[in-house]
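Shown next, in structure tokens, is the structure this report addresses.
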Amino acid sequence: MNDPRKDASGPEPDRGRGRSETPEQRADRRWSELLQEVRVIQTGVQILFGFLLTVVFTPRFAVLDATDRTIYVTTVLLGASTTGALVGTVTFHRLVTGHRLKPQTVLWASRLALVGVVLLLGTVASALLLILRLALNESAAPWVVAGLVLWFVVCWFVLPAWVLHRYSSSE
């Protein structure tokens, strides 16, 4: 039997979600949303990474002990990896565009963006550890960083997962 909500010439309704869009329209919308999200986070990552790259040229760097140098190198590598994952979302799209793979592109670019966020968490934690080891005593810094990482995990992952679980299960 024909669904009265579905016009043969129009898009299929997305039941329960309030949208009536084709898979191509959904992929276009999701791509646009992802691109906006990556633009926001990439700016912060570029500033952080740029700052990290200059630290090695400061006089204070020469007096860092081996542990702090290791933390610094780890932080720079995490920052570079974060940049790679986030820029990868755009290059992924650029390389497969025109091949009618928009839904798959959005899926894989979204995964790269999520990897970028996880790497950003590592970058921020590592940078905080280095800075707080120098600003506080060495024994307090890991505890402060652990508390901040826990806060980031709650804000970035736990809260969205809770909302998804809470409101998705009621449909």
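The values are calculated or read from the model by the stated rules, or taken from the named source; none is laboratory data. It should be emphasised that the depicted structure is a prediction, and the values quoted were computed from it without experimental measurement. Note: ideal-geometry Cβ built from the backbone for every residue, glycine included; neighbour counts use all protein chains shown. These area figures cover heavy atoms from the full protein model, side chains too; ligands, DNA and RNA do not enter into them. Shrake-Rupley method; radii C 1.70, N 1.55, O 1.52, S 1.80 Å.
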Query raised in the report: Could you give the nm distance between label points at Thr54 and Leu114, where each point is 7 Å from its Cα heading toward the beta carbon?
Result: 3.6
**Report entry** Correct option for Cα extents along the principal axes in Å [calculated from the coordinates] among (1) 76, 38, 17; (2) 56, 31, 31; (3) 42, 35, 29
**Finding:** (1)
Query - Portion, in percent, of the accessible area of the chain that falls on carbon or sulfur, probe 1.4 Å - result: 66
Query raised in the report: Measuring with a 1.4 Å probe in the full set of protein chains, what accessible area per residue, in whole Å², belongs to region 47-155?
Result: 58
Query raised in the report: What 222 nm value per residue comes from the helices of the chain, counting each DSSP H run with n ≥ 4 as -39,500 (n - 2.57) and dividing by all residues, nearest 500 deg cm²/dmol?
Result: -25000 deg cm²/dmol
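If DNA, RNA and ligands are ignored and the probe is 1.4 Å, what is the ranking of His165, His93 by accessible area, most exposed first? Please list the in-between numbers first.
Values: His165 125, His93 30 Å².
If we order His165, His93 from most to least accessible, we get His165, His93.
Kindly provide the chymotrypsin sites (Phe, Trp or Tyr not before Pro) of region 30-112 that DSSP labels as loop, not H, G, I, E or B, and whose Cβ sees at most 10 other Cβ atoms within 10 Å. Display every interim value, and only then the final one.
Details: sites: Trp31, Phe49, Phe51, Phe57, Phe61, Tyr72, Phe92, Trp108; in loops: Phe57.
Sparse-neighbourhood loop chymotrypsin sites (Phe, Trp or Tyr not before Pro): Phe57.
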Query - Euclidean distance between Cα centres, region 19-76 to region 80-121, Å - result: 13
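Percent relative contact order of the chain, based on C-alpha pairs within less than 8 angstrom and at least six residues apart? Let's see the in-between values first.
On the way: 111 pairs, mean separation 35.2, N = 171.
The normalised contact order for the chain reaches 21 percent.
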Report summary line: Among region 79-93, those whose backbone N falls under 15 Å of a label point 7 Å along Cα→Cβ from Glu24 are none
